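To start, the structure under review is shown below, and the notes come after it.
The values are calculated or read from the model by the stated rules, or taken from the named source; none is laboratory data. Not measured: the values here are computed from a predicted model. Glycine gets a Cβ as well: all are built from the backbone with ideal geometry, and neighbour counts include every protein chain shown.
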Amino acid sequence: MSITYVFELPTRVVLDLGMILDSGDVWEDVAITMPDITDIDINDCRRLRDNRTESRSTEALLRIWGSKGYTINDLYKVFARLKMIRCMKIIKEYVEPDLHMLETDCLSLPDVITSPKGNSTDGSSFVKPSTHHIHPSVSVYSKKTEGSSWSSLGDVETYVFFY
């Protein structure tokens with residue numbers, strides 16, 4: 001059985017991602033990089049974390065984002081933007097093979113420093129999809145640029161993270 005959407009990821013995969021992302025609240029860096037994740041969504045994940053002895057913020061985040069129609073390929077690209085190779089490897093078997101090159105190619109990208117749903121240091125805002133897709137047929141970051149191996153990631157901007 002082939003799976004496409006984030007909400008279809010097996011429980012074991014979600015728990016493995018949670019082991020990495022819940023530690024040190026790294027899930028927040030992922031959340032602010034995900035298109036269509038709002039401050040309300042992030043606060044809901046934080047409340048869940050604060051009300052439980054065992055943090056499951058990553059699981060909640062993936063459930064929320066998956067309900068918005070995003071695919072596992074989209075998640076893989078978010079991890080690539082953040083250079084989260086371990087997370088990419090966990091979901092690799094569910095990703096289209098033509099995206100696997102991002103595991104090595106993402107290392108040549110400039111570091112992405114994120115800010116919580118804010119703006120980059122140059123004043124430009126986060127890139128968001130122009131329309132909401134129930135069944136996205138193209139990548140949330142895709143740009144039709146001939147000859148660029150990074151066309152599937154789109155423009156990578158630098159952001160400042162404030163705690």
For segment 31-57, name all the residues that are at pLDDT below 95, within 20 Å of Thr11 (Cα to Cα) and assigned to a helix (DSSP H, G or I). Cys45, Leu48, Arg49, Ser57
List, please: which pairs have Cβ atoms under 7 Å, are six or more places apart or on different chains, and start with a residue in segment 73-101 that is more than 17 Å from Thr11 (Cα to Cα) and end with one that is of a type outside the set (A, V, I, L, M, F, W, C) and loosely packed, with under 15 Cβ neighbours inside 10 Å? Asn73/Glu96; Met101/Ser149
For segment 66-80, which positions are surrounded by fewer than 20 Cβ atoms within 10 Å (Cβ to Cβ) and assigned to a helix (DSSP H, G or I)? Gly66
Looking only at segment 70-92, count how many residues are modelled with pLDDT of 95 or more and on the phi > 0 side of the Ramachandran plot. 0
Of those in segment 42-59 that are touching a Lys or Arg at 6+ places or on another chain (Cβ under 9 Å) and surrounded by fewer than 20 Cβ atoms within 10 Å (Cβ to Cβ), the residue farthest from Leu107 (Cα to Cα) is Leu48
